[in-house]
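Okay, so here's the structure we're looking at.
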Amino acid sequence: RKHTVNLDSETTNVRVEPFALEMGIKFELHVTISGTTINVTEIPELSIPDDWVRDKLELHFCKPERGGGEIENVEYDKMSRRAVITFLRAE
């Protein structure tokens, strides 16, 4: 469809087109569990920003069906391919 967009004092016509999103990336993680903190090692090198890797780790480990819970902090080190995830409570 065509749309008209007003930008400051200018008007321009734009057309919306669908696009396909890339498929997700699957990878294997190695985890050591201790109290409220887990160490994740051997995180694969991904071509996404570090913030996104932290977000993906948080989303994965916050899910109760995976034994997770509310996360306090995620520290990710791209060079060592490791992360330390700290939960609010031991669960």
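Residue count for region 39-62 satisfying the condition of being touching a residue at least 24 places away in the same chain (Cβ under 8 Å), open to solvent by 100 Å² or more (accessible area, probe 1.4 Å) and farther than 17 Å from residue 28 by Cβ: 0. Against the test of being at pLDDT below 85, among the hydrophobic types (A, V, I, L, M, F, W, C) and in a loop (DSSP other than H, G, I, E, B), the options 43, 48, 25 yield a single qualifying residue, 25. On inspection, residue 78 passes the criterion of being of a type outside the set (Asp, Glu), exposed (fewer than 14 other Cβ atoms within 10 Å of the Cβ) and within 17 Å of residue 28 (Cα to Cα).
Just to be sure, is residue 65 open to solvent by 100 Å² or more (accessible area, probe 1.4 Å) and assigned to a helix (DSSP H, G or I)?
Details: open to solvent by 100 Å² or more (accessible area, probe 1.4 Å): yes; assigned to a helix (DSSP H, G or I): yes.
For residue 65, the condition - open to solvent by 100 Å² or more (accessible area, probe 1.4 Å) and assigned to a helix (DSSP H, G or I) - is met.
The values are calculated or read from the model by the stated rules, or taken from the named source; none is laboratory data. Predicted, not measured: the structure shown is a model, and the values here were computed from it. Heads up, the Cβs are rebuilt from the backbone with ideal geometry, glycines too, and the neighbour counts pull from every protein chain shown. Heavy atoms of the whole protein, side chains included, go into the accessibility calculation; ligands, DNA and RNA do not. Shrake-Rupley method; radii C 1.70, N 1.55, O 1.52, S 1.80 Å.
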